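Chemist: Quick one: the structure is below, questions incoming.
The values are calculated or read from the model by the stated rules, or taken from the named source; none is laboratory data. All values derive from a computational prediction rather than experimental measurement. Note that we place each Cβ from the backbone using ideal geometry, even for glycine, and neighbour counts take in every protein chain shown. Only protein heavy atoms, including side chains, enter the accessible area calculation; ligands, DNA and RNA are left aside. Shrake-Rupley method; radii C 1.70, N 1.55, O 1.52, S 1.80 Å.
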Amino acid sequence: MTSSVFPDTVHWEDSGTSRIPFMVYTNEATHRKELERFFYRKHWCYVGLEAEIPNPGDFIRTAIGERSVIMVRSQDGNIHVLENVCAHRGMAFCRERHGNRKDGFTCPYHQWNYSLKGDLQGVPFRRGVKQDGKVLGGMPPEFRLEDNGLTKLKVTTRGGVVFASFDHDVESLEDYLGPTILQCFDRTFNGRKLRILGYNRQRIPGNWKLMQENIKDPYHPGLLHTWFVTFGLWRADNRSELKMDDRHRHAAMISTKGNALKASEVSQVARFKEDMHLHDPRFLDIVPEPWWGGPTAVMTTIFPSVILQQSVNSVSTRQIQPNGAGSFDFYWTHFAFEDDSDEMVQRRLRQANLFGPAGFVSADDGEVIEFSQQGFESKPFHRALAQLGGSDIGDTDHMVSETLIRGMYQYWREVMEAPE
Ligand code: FES
Ligand code: FE2
């Protein structure tokens, strides 16, 4: 441990990752290095779902790390991801969250116009103005439209999910995920068309990595989330597995309920806490689906930008957009599948009440992340523990381990070149 109460640099106590310095959550210099190394180089980041932009000209504005980007469908049906920074004076020109632009994007400041593919098409007064028979001003003759387009990201899609990278040399998405996580990914996104049900957005005053950790932490759901326990969605007899990719950056928490809980059983399981009952038992009207192939919940963390959720009939993506070291925006996209019955869509929507900023379950996670950050800020020389299950890093067939968190920080230390 360093002697200063407010040290300048992050200090790891040993070569392992079961003791995590508080400063990895609070230090702005570390944060900027993370943005560069995880969000802007060598990684794929989630940008959205194809179903959000079904028609040519459709776009959404989102972010990769702390950079604003636009996901847009061009006239030929292809998807492009463009940086929302005007080539002229750098303005983040796109202000709408979503919309349709048949004629491309026009920056309001000086009306430079870009095609849906990000090419510069028009520059007002490029050739200057004519006065008294003379041409005055304008861009220099060597100025070429083709040299001044928007920054275009590399884009890939799989099963209706769109990823992009500022790094055009990034490995393929399949190699990036690795076979184990790819299997979890394909289980949900198996080629069926998706249907967007709606969004939740929240700003959580905590470091972005805490959200990755939260979904790599199977220790807390049965302890923190009293809703799960009270209404029987989490049980000690759940069969469970924790899995990682080879580099331990991505992970999956896979669990299978002992038996499917039917609405008629709610009154019985409510005995976990005698005086609490659901007024609307349909929140627990769970219908097993063939594509689950056994597990009733699979929570997949794709480092650094997204969490893929299947919790019984509720499916969503949860995107992480950092905001400095001490805050991030969390974007939930709830979806259904095109071939779902109306009843199943309603069921997915009802079960989505467990999640999001005010979710019966997820509200707890937002709060504990905020309060963890408060602890970190108050004593940056200290460290957190992730010792559950020893110091090993590897897949397990139970939930009583913090191995996924240790794995993520092993990868983090490797990429951040933070040996000490
Ligand atoms: Fe966009 Fe000038 S800053 S046109
Ligand atoms: Fe949680």
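Chemist: Within the range 109-118, can you find the residues that are open to solvent by 70 Å² or more (accessible area, probe 1.4 Å), within 15 Å of ligand 1 (Cβ to nearest atom) and within 32 Å of the chain's Cα centre (by Cα)?
Modeler: Of everything in the range 109-118, just one residue is open to solvent by 70 Å² or more (accessible area, probe 1.4 Å), within 15 Å of ligand 1 (Cβ to nearest atom) and within 32 Å of the chain's Cα centre (by Cα), namely Tyr109.
Chemist: I've got another one for you. Quickly run through the range 301-342 and pick out the residues that are within 13 Å of the chain's Cα centre (by Cα) and open to solvent by 20 Å² or more (accessible area, probe 1.4 Å).
Modeler: The answer is Asp329, Tyr331.
Chemist: To continue, here is another question. Pairs please, first residue from the range 129-146 and surrounded by 10 or more Cβ atoms within 10 Å (Cβ to Cβ), second anywhere and basic (Lys, Arg), Cβ atoms under 8 Å, 6+ apart in sequence or on different chains.
Modeler: From residues that are surrounded by 10 or more Cβ atoms within 10 Å (Cβ to Cβ), the pairs are Val135/Arg127; Leu136/Lys130; Gly138/Arg126; Gly138/Arg127; Met139/Arg126; Met139/Arg127; Phe143/Arg126.
Chemist: Continuing with this model, one more query. Testing Arg348 on (1) open to solvent by 20 Å² or more (accessible area, probe 1.4 Å); (2) of a type outside the set (S, T, N, Q); (3) over 19 Å from the mean Cα position of the chain (by Cα), one condition comes back false. Which one is that?
Modeler: Among (1) open to solvent by 20 Å² or more (accessible area, probe 1.4 Å); (2) of a type outside the set (S, T, N, Q); (3) over 19 Å from the mean Cα position of the chain (by Cα), Arg348 violates only (1).
Chemist: Could you list all residues from the range 385-404 that are open to solvent by 40 Å² or more (accessible area, probe 1.4 Å) and either assigned to a strand (DSSP E or B) or touching a Gly at 6+ places or on another chain (Cβ under 7 Å) (or both)?
Modeler: The answer is Leu385, Ser391, Ile393, Val400.
Chemist: Further question on the same structure: Right, Gly407: within 20 Å of Ile302 (Cβ to Cβ) and either in a helix (DSSP H, G or I) or not hydrophobic (A, V, I, L, M, F, W, C) (or both) or not?
Modeler: When the stated conditions are applied, Gly407 passes them.
Chemist: I would also like to ask the following. Which residues, taken from the range 139-165, are out of contact with any Asp or Glu (no Cβ under 8 Å at 6 or more places or on another chain) and not basic (Lys, Arg)?
Modeler: Met139, Pro140, Pro141, Glu142, Phe143, Asp147, Asn148, Val155, Thr156, Phe163, Ala164, Ser165 - these are the residues of the range 139-165 that are out of contact with any Asp or Glu (no Cβ under 8 Å at 6 or more places or on another chain) and not basic (Lys, Arg).
Chemist: Where residues in the range 185-221 are among the small types (Gly, Ala, Ser) and away from ligand 2 (no atom under 16 Å from the Cβ), which of them is farthest from Thr396 (Cα to Cα)? Steps first, answer last, please.
Modeler: Initially, the range 185-221 is screened for residues among the small types (Gly, Ala, Ser), giving 191, 198, 206.
Checking which are away from ligand 2 (no atom under 16 Å from the Cβ) leaves us with 191, 198.
Working: Gly191: 29, Gly198: 34 Å.
My answer is Gly198.
Chemist: May I pose another question? Among the residues of the range 21-53, write down those that are more than 30 Å from Gly191 (Cβ to Cβ) and open to solvent by 70 Å² or more (accessible area, probe 1.4 Å). Before the answer, list the steps.
Modeler: Here is the first cut: in the range 21-53, the residues more than 30 Å from Gly191 (Cβ to Cβ) are 21-37, 40-41.
Listed by number, the residues that qualify are Glu28, Arg32, Lys33, Glu36, Arg41.
Chemist: If the Cβ limit is 6 Å and pairs must be 6+ apart or interchain, which residue in the range 400-420 that is in contact (Cβ under 8 Å) with a residue 60 or more places away in the chain and farther than 17 Å from Glu36 by Cα pairs with which residue that is part of a helix (DSSP H, G or I) and open to solvent by 10 Å² or more (accessible area, probe 1.4 Å)?
Modeler: From residues that are in contact (Cβ under 8 Å) with a residue 60 or more places away in the chain and farther than 17 Å from Glu36 by Cα, the pairs are Ile405/Glu213.
Chemist: Turning to a different aspect of this structure: Residues being among the acidic types (Asp, Glu) and at positive phi: count how many of those fall in the range 370-420.
Modeler: 1
Chemist: Out of all the residues in the range 10-20, is one or more in contact with a His (Cβ under 9 Å, 6 or more places away or on another chain) and surrounded by fewer than 20 Cβ atoms within 10 Å (Cβ to Cβ)?
Modeler: No: zero hits.
Chemist: Would you point out which residue out of Phe330, Phe360, Phe376, Phe371 is in contact with a helix residue (DSSP H, G or I) (Cβ under 7 Å, 6 or more places away or on another chain) and part of a helix (DSSP H, G or I)?
Modeler: Checking each option against the conditions leaves just Phe376.
Chemist: Residues of the range 158-204 being in contact with a Gly (Cβ under 8 Å, 6 or more places away or on another chain), within 16 Å of Met244 (Cα to Cα) and loosely packed, with under 13 Cβ neighbours inside 10 Å, which ones?
Modeler: Those that are in contact with a Gly (Cβ under 8 Å, 6 or more places away or on another chain), within 16 Å of Met244 (Cα to Cα) and loosely packed, with under 13 Cβ neighbours inside 10 Å: none in the range 158-204.
Chemist: Something else now. Taking the range 71-118 as the region of interest, how many residues are among the polar types (S, T, N, Q) and in a loop (DSSP other than H, G, I, E, B)? Break it down into steps so the answer makes sense when it comes.
Modeler: Let us first name the residues in the range 71-118 that are among the polar types (S, T, N, Q), namely 74-75, 78, 84, 100, 106, 111, 113, 115.
Adding the requirement that they be in a loop (DSSP other than H, G, I, E, B) leaves 74-75, 78, 84, 111, 115.
Result for the range 71-118: 6.
Chemist: If you scan the range 85-103, which residues turn out to be more than 7 Å from ligand 1 (Cβ to nearest atom), surrounded by fewer than 20 Cβ atoms within 10 Å (Cβ to Cβ) and without any contact (Cβ under 8 Å) to a residue 60 or more places away in the chain?
Modeler: Hits for the range 85-103 are Ala92, Arg95, Glu96, Arg97, His98, Gly99, Asn100, Arg101, Lys102, Asp103.
Chemist: Looking only at residues in the range 361-376 that are open to solvent by less than 20 Å² (accessible area, probe 1.4 Å) and near ligand 2 (Cβ under 10 Å from one of its atoms), which one is farthest from Ile204 (Cα to Cα)?
Modeler: Of everything passing the filter in the range 361-376, Val361 is farthest from Ile204 (Cα to Cα).
Chemist: Only one residue in Leu177, Leu136 is touching a strand residue (DSSP E or B) at 6+ places or on another chain (Cβ under 8 Å), under 30 Å from Leu308 (Cβ atoms) and not basic (Lys, Arg), so which one is that?
Modeler: Leu177
Yes/no per residue for (1) within 16 Å of ligand 1 (Cβ to nearest atom); (2) closer than 24 Å to Lys243 by Cβ; (3) of a type outside the set (Asp, Glu):
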position: Asn353; (1), (2), (3): no, no, yes
position: Pro357; (1), (2), (3): no, no, yes
position: Val361; (1), (2), (3): no, yes, yes
position: Asp365; (1), (2), (3): no, yes, no
position: Arg383; (1), (2), (3): no, no, yes
position: Leu388; (1), (2), (3): no, yes, yes
position: Ser391; (1), (2), (3): no, yes, yes
position: Gly407; (1), (2), (3): no, yes, yes
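Chemist: Same structure again: For the range 205-239: of the residues being of a type in the set (S, T, N, Q) and open to solvent by less than 20 Å² (accessible area, probe 1.4 Å), which is farthest from ligand 1 (Cβ to nearest atom)?
Modeler: Residue satisfying both the conditions and the ranking: Thr230.
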